[in-house]
Amino acid sequence: MTETKQQRLVSRKIIQIDEDLCSGCGNCIVDCAEGALKIIDGKARVINDVFCDGLGACIQGCPEGALEIIEREAVEFDEEAVEKHLESMKHAEHTETEQVKRIVAEHTTQCGCPSAQTMVFDEPETQTEVGTGKVPSALRQWPVQMHLINPRAPYYQGADVLLSADCVGFSYGDFHRDFLKQKSLAIACPKLDQGKEIYVEKIKSLIDDAKINTLTVAIMEVPCCSGLLALAQEGAKQASRKVPIKYMVIGIQGNIIKEEWI
């Protein structure tokens with residue numbers, strides 16, 4: 001039987017993933033231009049050796065050092081197969097996006113849960129400084145959880161948006177004053193939340209439909225939290241508009257470890 005190119009085994013460089021170190025943050029998936037990686041059962045995996053070129057572009061974004069280039073016997077890298085694979089991914093992504101849009105629309109219009117009811121709060125008449133009394137909330141909207149928000153809600157239109165990991169608000173003492181003031185909010189947990197593909201679609205919608213002004217992503221220093229930044233970058237990548245994105249890394253004791261525009 002004639003051996004096809006995809007069936008030919010050669011000794012070559014290829015990515016290896018240490019599952020014990022992998023946190024499933026998804027950074028490597030964003031960095032892999034060939035679509036060779038996928039999160040399966042909470043871990044990054046090479047879905048097919050033929051898609052991995054072994055150049056290691058995915059390594060730089062891994063916060064755990066779980067990826068490395070090794071040399072082993074593997075199926076030859078096939079650029080033509082990669083092109084077909086990426087085209088298939090685009091088709092699947094389009095189909096999934098349409099499904100997500102339908103689900104989001106149905107949820108927004110039909111959900112009777114009080115937590116999903118859109119509300120806008122009035123500005124307080126007076127502001128009290130810390131140390132002299134109760135600190136007023138800077139929150140001016142509801143809901144805030146990513147699965148419940150409607151990206152087309154009026155308070156997102158042309159707004160400066162803060163996308164925050166759940167724990168940031170509990171860790172950083174001046175969260176409302178320093179981060180939330182004059183911003184619209186969305187919160188999520190990149191580690192525990194399900195259906196994160198919906199988050200990518202909503203971030204894309206915030207950029208394209210709500211035409212937000214800026215996006216600030218606040219995450220904790222724990223490795224799994226970097227997945228939220230990866231989701232934001234993927235949503236921005238899929239969007240037709242471009243917006244400035246700033247990310248902040250907060251220490252578990254409430255200090256700002258890093259803050260920069262990307």
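The values are calculated or read from the model by the stated rules, or taken from the named source; none is laboratory data. This is a predicted model, so every value here is computed, not measured. Reconstructed Cβ throughout: ideal geometry from the backbone, glycine too, with neighbour counts over all protein chains shown.
Looking at region 184-192, is at least one residue surrounded by fewer than 22 Cβ atoms within 10 Å (Cβ to Cβ) and in contact with a strand residue (DSSP E or B) (Cβ under 6 Å, 6 or more places away or on another chain)? Within region 184-192, one or more residues are surrounded by fewer than 22 Cβ atoms within 10 Å (Cβ to Cβ) and in contact with a strand residue (DSSP E or B) (Cβ under 6 Å, 6 or more places away or on another chain). Might you check whether a residue that is in contact with a Pro (Cβ under 8 Å, 6 or more places away or on another chain), more than 30 Å from Val50 (Cα to Cα) and modelled with pLDDT under 90 occurs anywhere in region 129-150? Looking for residues that are in contact with a Pro (Cβ under 8 Å, 6 or more places away or on another chain), more than 30 Å from Val50 (Cα to Cα) and modelled with pLDDT under 90, one finds at least one in region 129-150, hence yes.
Of Glu68, Glu34, all but one fail to be among the acidic types (Asp, Glu) and in contact with a helix residue (DSSP H, G or I) (Cβ under 8 Å, 6 or more places away or on another chain); the exception is Glu34.
Considering region 126-236, there are no qualifying strands (runs of 3 or more DSSP E) wholly inside with 3 or more residues that are under 18 Å from the mean Cα position of the chain (by Cα) and among the charged types (D, E, K, R). Quick check: anything in region 25-43 basic (Lys, Arg), touching a Ser or Thr at 6+ places or on another chain (Cβ under 9 Å) and on the phi < 0 side of the Ramachandran plot? For region 25-43, residues basic (Lys, Arg), touching a Ser or Thr at 6+ places or on another chain (Cβ under 9 Å) and on the phi < 0 side of the Ramachandran plot: present. Contact annotation: residue pairs with Cβ atoms under 6 Å, 6 or more positions apart or on different chains, pairing a residue in region 220-239 that is assigned by TED's automatic domain parsing to the domain that holds Ala165 and closer than 11 Å to Asn27 by Cα with a partner that is assigned to a loop (DSSP other than H, G, I, E, B) and basic (Lys, Arg), are Cys224/Lys191. Number of residues in region 235-246 that are within 30 Å of Asp20 (Cβ to Cβ) and either surrounded by fewer than 20 Cβ atoms within 10 Å (Cβ to Cβ) or at pLDDT 95 or above (or both) equals 1.
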